[in-house]
1. Could you tell me which residue out of MET1, PRO135, ALA65 lies farthest along the dipole of the chain toward its positive end? Charges go on the beta carbon: Lys and Arg +1, Asp and Glu -1, centred on the Cα centre.
2. With unit charges on the beta carbon (Lys/Arg positive, Asp/Glu negative), name the residue among ASN37, ILE126, ALA105 whose Cα is farthest towards the positive pole of the charge dipole of region 7-132.
3. Just to confirm a number: summing +1 for Lys and Arg and -1 for Asp and Glu over residues other than VAL87 whose beta-carbon lies under 14 angstrom from that of VAL87, what do you get?
4. Using a simple spin-label model with points 7 Å from Cα along the Cα→Cβ vector, what separation in nm is obtained for THR169 and GLN44?
5. For GLN155, what residues show an amide H to amide H distance below 5 Å, using hydrogens built from the backbone and excluding near sequence neighbours?
6. From the phi angles alone, apply the Karplus equation (6.51, -1.76, 1.60; θ = phi - 60°) to region 154-167 and give each ³J(HN,Hα) in whole Hz, x where the residue is Gly or Pro.
7. At q = 0.13 Å⁻¹, work out log10 I(q)/I(0) for the chain with the Debye formula, treating every Cα as an identical point scatterer and leaving solvent out; two decimals please.
8. For VAL40, what is the net charge nearby, where nearby means another residue's Cβ is under 15 Å from its Cβ and Lys, Arg count +1, Asp, Glu -1?
Amino acid sequence: MPGGTYPDGLAYSPEAHKVYVSDEHGGTDTVLDVVTNTRVATVQVGGVIGNTQYDESSHHMFISAQSANQLVEVDPKTDTIVRRIPVPGAKENHGLLIDSASRKAFVACQGNDQLIVMDLRTGAAIVQFPVAKDPDVLAFDAHRQTLSVAGESGQVSEFKVADGKVSKTGESLLAPRAYMSSRFNQ
C-alpha cells in the first residue's frame, strides 16, 4: 500500500495495533492498521521528517520533524499531534531513539552532526555531543548500556548510558561509506 514518496522509518504501537511509516520528503506519517491491513490515517507533520519511534511509557509515537527541529508527539488512539517539542541546538534532526525506561529521546542531527538527549517529561534538552558525520541510525544495547549512532560516513559514535547519565566513549570507522553501501545492497 502507498507509504508516501520516500518512506524512511517505521514504528509499531502494540496497543493500537498500528504501524507508523515516516515519509521523509512528504512530511507525513502514514498510519496502517495491522489487523485490517489498511491505511487508516495520515499525520501531517510538515516539512522534511526523519524517523518515527514508539514510547512504551506514554504509549505515544514520536516523529523527528527535521525541517522544524522538533520532536512531534502523536497519540495513536486518535492519530493526532498532541505536542511539538523544540529541540534546542538541532539542525536537521533525523535519527531518533526513545528510551522509555528513562523517558529520554536521543536525537541525531544530520545538519550539524550532533546527538541531543531530550527529557520527554519536560521537553528540555539535557546534553549534546558531537557525533560522526551524517548521523542516521541509532541502536541501544540494554545489556551493555551502550548507545551507538551510525553515520552515513561509515563511522559509529559510541555512548555509555547508565545511572541517568550519558557519556561519549568513542568513535570508530567501520569502512568508508559502509553505511551507504549496506543501504544500497539491501
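1. The residue sitting farthest along the positive end of the dipole is PRO135.
2. It is ILE126.
3. Residues near VAL87 contribute +1 overall.
4. 4.5
5. The list, which skips near neighbours in sequence, is LEU174.
6. Once θ is set to phi - 60°, the couplings for region 154-167 become x, 9, 10, 9, 10, 9, 9, 10, 8, 6, x, 10, 10, 9 Hz.
7. For the chain at q = 0.13 Å⁻¹, log10 I(q)/I(0) is -0.63.
8. Local net charge: -2.
Read the figures in this text as sums done on the coordinates, not as results from a lab. Everything numeric here is computed off the predicted structure, so don't read it as measured data. So basically every Cβ, Gly included, is an ideal-geometry build from the backbone, and we count neighbours across all protein chains shown.
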